[in-house]
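Below you'll find the structure, written out as structure tokens, and then a few comments.
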There are 2 protein chains.
Amino acid sequence: MVKTFLSKNKLILLYGLSSAILLFVLKWLELKFVIMQNAFEIYAGCIALLFMGLGIWLALKLSKPKKETIIIEKEVFIKDTSDFVLNEKEIEKLGISKREMDVLQLMADGLSNQEIAERLFVSLNTIKTHSSNVLEKLDVKRRTQAVEKAKRLAIIH
Amino acid sequence: MVKTFLSKNKLILLYGLSSAILLFVLKWLELKFVIMQNAFEIYAGCIALLFMGLGIWLALKLSKPKKETIIIEKEVFIKDTSDFVLNEKEIEKLGISKREMDVLQLMADGLSNQEIAERLFVSLNTIKTHSSNVLEKLDVKRRTQAVEKAKRLAIIH
DNA sequence: TAGCGATTCATCCTAAAGTGTGAATTTGAT
DNA sequence: ATCAAATTCACACTTTAGGATGAATCGCTA
């Protein structure tokens, strides 16, 4: 609890400490120079410098960092799918179910089985099952082939 | 040209001006309080406050803003694969080599790394290296994503 | 010729994908 | 209500993919 207090009020404590030290220095300077009244400007200059330094330090420490936003426009290529017609006959012919289609589409989007599982709120094992079924029904060995074939057959985008 | 000089050195001029004004104030204060020697601390305090203020102001004005980059994705529609033109600019921009392109194309054809290795008469490890490089250069995590992105960027069929 | 990028290959390790089998539950149609 | 298909999940296991690192070779170029 003492630790959290210290860390939370670190800056304030530092400020207080600095002020105390500076007051000491001030007093010392006063004693030193009180004899030679003509050293007025030197005294004032020292104080000015010290406190300006303190001010700069304080401002840098306490001020929220300024943010300058740089906006970079990045081109993202998107395939025009306006003239896409879903080949439902092919889907039916292959005997692919709705859920399997969902998984197939997400596979084509480049998601991992784990990500698909999270997206569809089911377990990884379930997606593996669907995935296996899709691969078998499309008569392919890997998901990359499945995606390629599915796109060729126009059963997904 | 005068204008640019002014704008360029605005802060420095401001600082100089402030200093001049403060010196005046100092002199005035000196004249005012030189009679009552006991007002030493008040004088010092005023200087301290003024210069601390100046320090804070200076720091806030001169501190460099932290840059924050925001990337905005801009959609760009590309043509259908029927009138496919290889996007060589993109390939060069991404720094993908000839051999890596070979591997990428075969990956898109749904071949496994082993099959690609056999096709190109090199070892499996070599294909893994190329594959990893391609994934990194395309900034994706899986080969399905790589294929999808590469097709979108029109760097493969 | 010294340096650089590209290509090749290796080893070790982790993560993801895929196979096979079995089973509980849900849903739709007869 | 019942049967078939669909959906869900588990577990054990194999294969494939991917990451990190180091290193040898080759061709091109300053």
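The values are calculated or read from the model by the stated rules, or taken from the named source; none is laboratory data. Quick caveat: nothing in here was measured; it's all calculated off a predicted structure. Ideal geometry is used to build each Cβ from the backbone, glycine not excepted, and the neighbour counts take in all protein chains shown. Surface areas here come from the heavy atoms of the whole protein model, side chains and all, with no ligands, DNA or RNA. Shrake-Rupley method; radii C 1.70, N 1.55, O 1.52, S 1.80 Å.
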Inter-residue pairs, beta-carbon under 9 Å, first without any contact (Cβ under 8 Å) to a residue 12 or more places away in the chain and within 14 Å of another protein chain (Cβ to nearest Cβ) and in the stretch B:112-126, second within 8 Å of DNA strand C (Cβ to nearest atom) and basic (Lys, Arg), 6+ apart
B:SER112/A:LYS141; B:SER112/A:ARG142
Looking at B:GLU148, B:GLU73, which one is away from DNA strand C (no atom under 11 Å from the Cβ) and modelled with pLDDT of 90 or more?
B:GLU148
Verdict on A:ILE96 being closer than 27 Å to B:ASP139 by Cα, open to solvent by less than 20 Å² (accessible area, probe 1.4 Å) and more than 8 Å from chain B (Cβ to nearest Cβ)
no
Checking A:LEU60 against (1) more than 7 Å from chain B (Cβ to nearest Cβ); (2) within 29 Å of the chain's Cα centre (by Cα); (3) part of a helix (DSSP H, G or I): exactly one of these is not met. Which one?
(1)
Could you list, in sequence order, the residues of the stretch A:113-145 that are of a type in the set (Lys, Arg) and more than 8 Å from DNA strand C (Cβ to nearest atom)?
A:ARG119, A:LYS137
Determine which single condition B:VAL103 fails, assuming it passes every other condition in (1) open to solvent by less than 50 Å² (accessible area, probe 1.4 Å); (2) more than 12 Å from DNA strand C (Cβ to nearest atom).
(2)
Give me the pairs: first residue in the stretch A:135-152 and assigned by TED's automatic domain parsing to the domain that holds A:LEU94, second residue loosely packed, with under 15 Cβ neighbours inside 10 Å and small (Gly, Ala, Ser), beta-carbon distance under 7 Å, and six or more apart or on different chains, which are they?
A:LYS137/A:GLY95
